[in-house]
Amino acid sequence: MITALKVRLEPNNKQMSKLFQSAGTARWAYNWTLAKQEENYKNGGKFINDRELRKELTILKQTRELNWLNTYSNNITKQAIKDACDAYYKYFKGLAEKPKFKRRKKSQPKFYQDTDKIKFKNGKVRLEKIGWIKLSEKNRIPENAKYTNPRVTFDGVHWYVSVGIEIQSESVDLTGESIGIDVGIKYLAVCSQIEKPYKNINKSKKIKRLEKKLRRLQRKVSNKYDKNKKGERYVKTGNIIKLENNIRKLHKRLDNIRTNYRHEVTTEIAKTKPARIVMESLNISGMMKNKHLSKAIQQQGLYEFGRFIQYKAERQGTEFIEADKWYPSSKTCSVCGHVKAKLSLSEREFRCECCGAVIDRDKNASINLSRYEVS
């Protein structure tokens with residue numbers, strides 16, 4: 001089983017510049033590939049294989065205009081070309097939208113490292129043509145392991161290196177139980193076999209205090225932009241840059257708190273060692289269209305929650321099942337099996353007209369999910 005590990009880098013100023021330049025090289029190669037594919041398509045040509053484009057770029061590197069590419073790892077441009085070709089191929093097949101050119105100010109800085117060239121030793125990582133960079137966690141990534149898809153990314157605040165490594169599935173004695181998980185906005189998760197629901201961390205005092213601080217900083221930066229406006233142009237001063245950096249850091253801190261909480265909850269559920277976990281299939285993109293709930297849904301990170309619980313379950317041999325999105329888990333009585341014709345969102349208690357049972361709406365749904373049978 002392949003698991004991904006991600007660790008923050010602690011580069012010095014010289015290494016920081018090299019990281020940004022390497023990411024810029026990858027962006028250039030990606031855009032160059034898209035331009036080649038589009039020009040070829042307009043001229044009625046067939047899809048260009050990434051091997052052909054890599055050969056062409058190797059020749060172009062000998063010219064004076066593109067000689068600067070030799071300063072950076074060949075694997076950066078090679079993988080960027082492959083990524084662009086894969087994206088364009090999916091577009092041709094109708095599997096994805098047309099890939100867009102990457103802009104320096106809007107695209108995430110990132111680049112690829114070769115699996116044979118990347119090395120980890122004594123709390124440092126060796127990146128090709130950059131050198132040894134200190135890691136924030138010393139023993140997070142094992143040394144002398146077989147790595148897959150090494151990537152270096154920048155999230156607006158810090159640089160990270162991520163690799164995939166193969167691990168053995170854990171030998172766990174499962175209980176034989178089936179757990180149903182109902183996720184939502186009021187609570188992050190309600191489990192059939194766990195008495196207390198997992199709260200929505202976005203309603204905690206800590207998150208609300210940080211969000212209040214974030215709103216203040218955003219208003220402050222907006223006012224400074226208005227004061228420094230010259231005609232139709234906004235002037236970005238040193239104070240604005242400082243404030244925007246603080247806003248990015250605050251966004252990152254909020255994201256870290258939420259992600260850590262999802263990991264804590266999913267780990268706790270997985271540690272109950274059930275034979276199977278059933279979770280409802282969610283139409284996140286459809287739910288996000290509701291303007292009243294979109295922000296709350298985004299903050300909950302329900303898709304990421306499902307991804308976490310799935311890989312943690314599979315790692316220990318627990319079967320993970322996604323129930324059909326049309327399965328009436330909320331409308332079905334967990335006592336007698338009667339299915340209600342209608343159940344509004346405002347009804348937080350499930351009241352059965354058939355047997356008279358009264359139970360919390362989310363708890364009722366989780367019990368029904370635990371009994372879900374794949375058709």
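The values are calculated or read from the model by the stated rules, or taken from the named source; none is laboratory data. These numbers come from a predicted model, not from an experiment. No Cβ is skipped: glycine too gets one built from the backbone with ideal geometry, and neighbour counts run over all protein chains shown. Surface accessibility is based on the protein's heavy atoms, side chains included, excluding ligands, DNA and RNA. Shrake-Rupley method; radii C 1.70, N 1.55, O 1.52, S 1.80 Å.
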Seminar exercise, completed: The answer for region 278-317, accessible area per residue at 1.4 Å probe in Å², is 55 Å²
Seminar exercise, completed: Treating only Lys and Arg (+1) and Asp and Glu (-1) as charged, each at its beta carbon, one finds that region 239-360 has a dipole about its Cα centre, in Debye to the nearest 20, of 560 debye
Problem set entry | Solvent-accessible area per residue, Å², over region 4-49 with all protein chains present [probe radius 1.4 Å] | 56 Å²
Exercise. What do the square roots of 5 times the Cα gyration tensor eigenvalues come to for region 25-160, in whole Å, largest first, as semi-axes of the equivalent ellipsoid?
Worked result: 30, 17, 14
For this session: Could you work out the equivalent-ellipsoid semi-axes for the chain, taking the square root of 5 times each eigenvalue of the Cα gyration tensor, largest first, in whole Å?
Result: 44, 27, 23
Seminar exercise, completed: Once Glu353 and Ala96 are pulled to full extension, the length gained, defined as 0.36 nm per residue separation minus their Cα-Cα distance, is 87.9 nm
Exercise. What ranking do 220-230, 189-199 get when scored by the average of other Cβ atoms within 10 Å per residue, highest first?
Worked result: 189-199, 220-230
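Rounded to the nearest percent, how much of the accessible area of region 191-326 (1.4 Å probe, protein heavy atoms only) is carbon and sulfur? Spell out each step's value before the answer.
Values: 4120 of 8680 Å².
Summing carbon and sulfur atoms, their accessible area is 47 percent of the total for region 191-326.
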Problem set entry | Lysine pairs with alpha-carbon atoms under 28 Å apart, region 120-194, spacing 8 or more or separate chains | 11
Exercise. So, with a 1.4 angstrom probe, what is the percent of accessible area on region 97-139 that is carbon and sulfur?
Worked result: 42 percent
Exercise. Can you give the FRET efficiency for Glu319 and Ser162, using 1/(1 + (r/R0)^6), R0 = 25 Å, r = Cβ-Cβ distance, to the nearest 0.05?
Worked result: 0.35
Exercise. Roughly how big is region 86-150's charge dipole about its Cα centre, with Cβ charges of +1 (Lys, Arg) and -1 (Asp, Glu), in debye to the nearest 20?
Worked result: 440 debye
Exercise. So, with +1 on the Cβ of K and R and -1 on the Cβ of D and E, and no other charges, what is the size of the charge dipole of the chain about its Cα centre, to the nearest 20 debye?
Worked result: 2780 debye
For this session: May I ask for the angle, rounded to the nearest 10°, between helix 50-60 and the longest principal axis of the chain, with both axes built from Cα atoms and the value confined to 0 to 90°?
Result: 30 degrees
Exercise. Each residue of region 203-209 in order: what ³J(HN,Hα) in whole Hz does its phi give by Karplus 6.51 cos²θ - 1.76 cosθ + 1.60, θ = phi - 60°, with x for Gly and Pro?
Worked result: 9, 6, 5, 4, 5, 5, 5
Exercise. Where does each of 234-241, 305-312 land if you order them by average Cβ count within 10 Å, highest first?
Worked result: 305-312, 234-241
Exercise. By DSSP, what percent of the beta bridges with both residues in region 220-370 are antiparallel, rounded to the nearest 5?
Worked result: 55 percent
